[in-house]
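Everything below concerns the one structure shown next.
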């Protein structure tokens, strides 16, 4: 790893630590930084002191689980986006744009509306994983032509899948009882307002497995960037690689969607900016995108709950407002570089 990726990794890690401290302390009930650090030290048996009952409850039962969940969701979406762009060989691939997030949301919403609870707190993540996996496999199959994945077909298929998933969510909303309606709206707009340690523990295994497995395929993704033919000659089983990493993408996306609803553009913007800054090597890009995604979502969630206080902006709406202009620019840039889509 060269100096630039190392510096970027250090910068992202530092930014994440600072944002976590800021997000844990800022809110309707403000916790000064010295008290925050003292409480963290106290819980870790490293000195410090306990906070008063209200501050302690706000910090450990409200703020820290929400910050931890934002970091996990952002890391999952960032890494999933980097994997998608590496697998499909273009910068427009993203779990949200091609419908994986919507497919996961359909699975999660379905179990809420139908009252299915066979796996307890694991029911929604598992259903979201199944929905995301079915969606990504469908998009992958439909976007293949002549042994390669076409950019236009990929995006158009994603548009169609998103429309279908939106219709299914609308139908489920029509069938839902009043109690379930608010939960369905939560899935559509994206939010971390219901974060708690139980949600963190429910999503952690999915995210941990996906984030641990993805970097192991960095070298093969670098070889795949040379083209499918050269990658095969260099020993890469391309179809097996794609199936394994598609499953990892579905796992990471399901982990995010199951607890946050649909949050778009994180997986598109973060990997592309890091690729522009440090090059296309996946040895840095995969863990870097996870770190960058965590930074972006912790910052976005902090903005969502403070910009319009005491009201809270929907997190998915905020990321879409910021990410959409970037996607328009990226679409024009990609088209001009290729001299059109033909």
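One table, with the values for the structure above:
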{"read-out": "Condition met for residue 305 (assigned to a helix (DSSP H, G or I) and modelled with pLDDT under 85)", "value": "no"}
{"read-out": "Candidates 67, 54, 106, filtered to the one that is more than 28 Å from the chain's Cα centre (by Cα) and farther than 26 Å from residue 330 by Cβ", "value": "54"}
{"read-out": "Residue in the stretch 270-296 that is surrounded by the most Cβ atoms within 10 Å (Cβ to Cβ), counting only those that are free of Cβ contacts under 8 Å to residues at least 60 places away in the same chain and assigned to a helix (DSSP H, G or I)", "value": "273"}
{"read-out": "Residues (part of a loop (DSSP other than H, G, I, E, B) and closer than 25 Å to residue 81 by Cα) located in the stretch 99-129", "value": "99"}
{"read-out": "Residues of the stretch 11-40 classified as closer than 30 Å to residue 288 by Cβ and either in a helix (DSSP H, G or I) or over 28 Å from the mean Cα position of the chain (by Cα) (or both), total", "value": "19"}
{"read-out": "Enumerated helices (runs of 4 or more DSSP H) restricted to the stretch 203-260, each holding at least 1 residues that are exposed (fewer than 14 other Cβ atoms within 10 Å of the Cβ)", "value": "228-233, 238-260"}
{"read-out": "Matching option when the condition is surrounded by fewer than 17 Cβ atoms within 10 Å (Cβ to Cβ), touching a residue at least 12 places away in the same chain (Cβ under 8 Å) and farther than 22 Å from residue 296 by Cα, among 4, 43", "value": "43"}
{"read-out": "Given (1) in contact with a helix residue (DSSP H, G or I) (Cβ under 6 Å, 6 or more places away or on another chain); (2) without any contact (Cβ under 8 Å) to a residue 40 or more places away in the chain, index of the condition residue 239 fails", "value": "(1)"}
{"read-out": "Matching option when the condition is surrounded by fewer than 17 Cβ atoms within 10 Å (Cβ to Cβ), in contact with a helix residue (DSSP H, G or I) (Cβ under 9 Å, 6 or more places away or on another chain) and closer than 24 Å to residue 196 by Cα, among 307, 302", "value": "307"}
{"read-out": "Any hit, the stretch 311-322, residues being modelled with pLDDT under 95, over 18 Å from residue 195 (Cα atoms), more than 17 Å from the chain's Cα centre (by Cα) and surrounded by fewer than 16 Cβ atoms within 10 Å (Cβ to Cβ)", "value": "no"}
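The values are calculated or read from the model by the stated rules, or taken from the named source; none is laboratory data. Model, not experiment: these values are computed from the prediction. Cβ sites come from the backbone with ideal geometry, for glycine too, and all protein chains shown count toward neighbours.
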